[in-house]
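Worksheet: the structure to be examined is printed underneath.
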Amino acid sequence: MKQYTVILAAGIAVIVIVVISFGADLVKLSVPTQEYDIFVDPILDKQSLFVMGRVIIQNTGSQPLTNIHVNFGAGDTLDLATLKAGQKIILSPPPDNPMEFVMISADNDIFVSKAYREMPKMVGMMGS
């Protein structure tokens, strides 16, 4: 009987350790770990008649981002005052912009430069 108690206690201890380690990983994913951080995703959506571009910008830090400067390239820029923690915005580049890259800068040494990525085609969605 004592042997079963030891095995049961060891099994419970292993389960607790696994739950704590996975729980810590989940907390890291859901709670901002840096005060100032940004996510930028420039996307091209190529249609048969036109190309539409959009830039997703999200404050993934725990503090507001201030003095945000968006450079779409070709001399096209946009200044934003503040992006609250967790806030996400979607911007469109100006018409006739070549949509090759976007550079985002903000206070607290934030700088991201990314090339546009093409949105995957949805095959078979509209029927053939």
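What to note about this one:
- Per-region count, the range 94-118, residues charged (D, E, K, R) and closer than 18 Å to residue 59 by Cβ: 3
- The residue that is surrounded by the fewest Cβ atoms within 10 Å (Cβ to Cβ), among those in the range 78-94 that are over 15 Å from the mean Cα position of the chain (by Cα) and closer than 22 Å to residue 120 by Cα, is 92.
- Check on residue 17, at pLDDT 70 or above and assigned by TED's automatic domain parsing to the domain that holds residue 100: no
- Within the range 30-44, being hydrophobic (A, V, I, L, M, F, W, C) and either under 13 Å from residue 110 (Cβ atoms) or more than 20 Å from the chain's Cα centre (by Cα) (or both) holds for 38, 39, 40.
- Residue satisfying all of: in the range 82-128; basic (Lys, Arg) and part of a loop (DSSP other than H, G, I, E, B); modelled with the highest pLDDT among these: 84
- Extreme residue, nearest to residue 104 (Cα to Cα), among residues of the range 45-77 that are of a type in the set (A, V, I, L, M) and surrounded by 16 or more Cβ atoms within 10 Å (Cβ to Cβ): 70
- Meets criteria (farther than 28 Å from residue 35 by Cβ and exposed (fewer than 12 other Cβ atoms within 10 Å of the Cβ)) for residue 120: yes
The values are calculated or read from the model by the stated rules, or taken from the named source; none is laboratory data. Bear in mind the structure is a predicted one, so any value in this text is a computation, not a measurement. For neighbour counting, all protein chains shown are included, and Cβ atoms are generated from backbone atoms with ideal geometry for every residue, glycine included.
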